[in-house]
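First the structure, in the form of structure tokens, and then the observations on it.
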Amino acid sequence: MFKYRRHVLSCLFLFSIAFMNGCSTTADVANQQEEFGSTGVFARSVPGTGKTGCEAARRALLSQGYVISESNDAAVRGRRKFQPNGESHVEIEFNVVCAPNSKGSNSTTIFANAVRDRYSLKKSSTSASLGVGVLGSVSLPIGATNDSLVKVASETISSGRLYKRFFELVERYLDDTPAKEGGTGDSKDRNTDAADQ
């Protein structure tokens with residue numbers, strides 16, 4: 001009897017150690033994913049003000065089919081929808097924040113963050129009940145089928161390639177934005193000079 005109890009206690013002890021190690025491993029993986037690094041995947045410094053930086057980011061997202069839901073001098077938010085197949089749906093939301101650097105530097109750091117939401121098609125059918133005299137109520141497999149999208153995953157995209165292409169596109173539109181603003185101002189000055197003459 002004593003040996004049996006000793007054997008049971010030993011098994012419980014080993015099981016508890018294995019369980020704790022499993023929890024520790026899961027926590028370590030989560031911590032590794034949340035570590036703050038020095039990589040500049042999500043940020044890039046560009047010349048100009050926060051206003052011109054966010055305007056360039058807005059144009060970059062618009063050029064790729066994103067629907068802009070928020071846009072101001074300090075932040076831009078856009079969303080794009082994808083349909084990989086008939087059973088799944090994907091949405092990517094791009095969040096951009098433009099923070100001016102130190103005073104006098106005439107530069108801005110653009111922070112970008114893309115979140116991908118995955119949805120799966122869930123089908124549910126409703127059966128119709130039919131009353132038949134003595135038999136009572138009988139459920140028949142006929143009726144409407146309701147399809148609904150259910151979110152199954154949500155994650156921050158960490159692919160450096162995606163953000164590299166985004167920032168390259170922002171810089172391309174950043175080169176156009178000041179030129180257009182300057183051209184408008186020069187045109188206005190010329191019109192004023194012509195009117196004075």
Testing Ile110 on (1) modelled with pLDDT of 95 or more; (2) part of a strand (DSSP E or B); (3) closer than 30 Å to Leu149 by Cα, one condition comes back false. Which one is that? (3)
Go through (1) modelled with pLDDT under 95; (2) within 26 Å of Leu149 (Cα to Cα); (3) not polar (S, T, N, Q) one by one and return the number of the condition Glu93 breaks. (1)
If we keep only residues of region 85-94 that are in contact with a strand residue (DSSP E or B) (Cβ under 6 Å, 6 or more places away or on another chain) and exposed (fewer than 15 other Cβ atoms within 10 Å of the Cβ), then the residue farthest from Asp117 (Cα to Cα) is Glu87
At pLDDT 95 or above and of a type in the set (A, V, I, L, M): does that describe Val115? yes
Based on what the data block shows, is Glu155 surrounded by 10 or more Cβ atoms within 10 Å (Cβ to Cβ), modelled with pLDDT of 55 or more and farther than 20 Å from Asn72 by Cβ? yes
Given the conditions (1) farther than 22 Å from Arg165 by Cα; (2) of a type outside the set (Phe, Trp, Tyr); (3) assigned to a loop (DSSP other than H, G, I, E, B), which single one is not true for Gly65? (1)
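Pick from region 63-93 the residues that are in contact (Cβ under 8 Å) with a residue 40 or more places away in the chain and touching a helix residue (DSSP H, G or I) at 6+ places or on another chain (Cβ under 8 Å): which of them is nearest to Thr52 (Cα to Cα)?
If we filter region 63-93 for residues that are in contact (Cβ under 8 Å) with a residue 40 or more places away in the chain, which is where we start, we get 63-64, 89, 92.
Then keep just the ones that are touching a helix residue (DSSP H, G or I) at 6+ places or on another chain (Cβ under 8 Å); that gives 63-64.
Numbers: Ser63: 17, Gln64: 19 Å.
The extreme case among them is Ser63.
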Here is a list of conditions, (1) among the hydrophobic types (A, V, I, L, M, F, W, C); (2) modelled with pLDDT under 95; (3) closer than 17 Å to Thr52 by Cβ, and Leu169 meets all of them except one; can you say which number that is? (2)
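The values are calculated or read from the model by the stated rules, or taken from the named source; none is laboratory data. Values in this document were obtained by computation on a predicted structure and should not be read as measured data. Ideal geometry is used to build each Cβ from the backbone, glycine not excepted, and the neighbour counts take in all protein chains shown.
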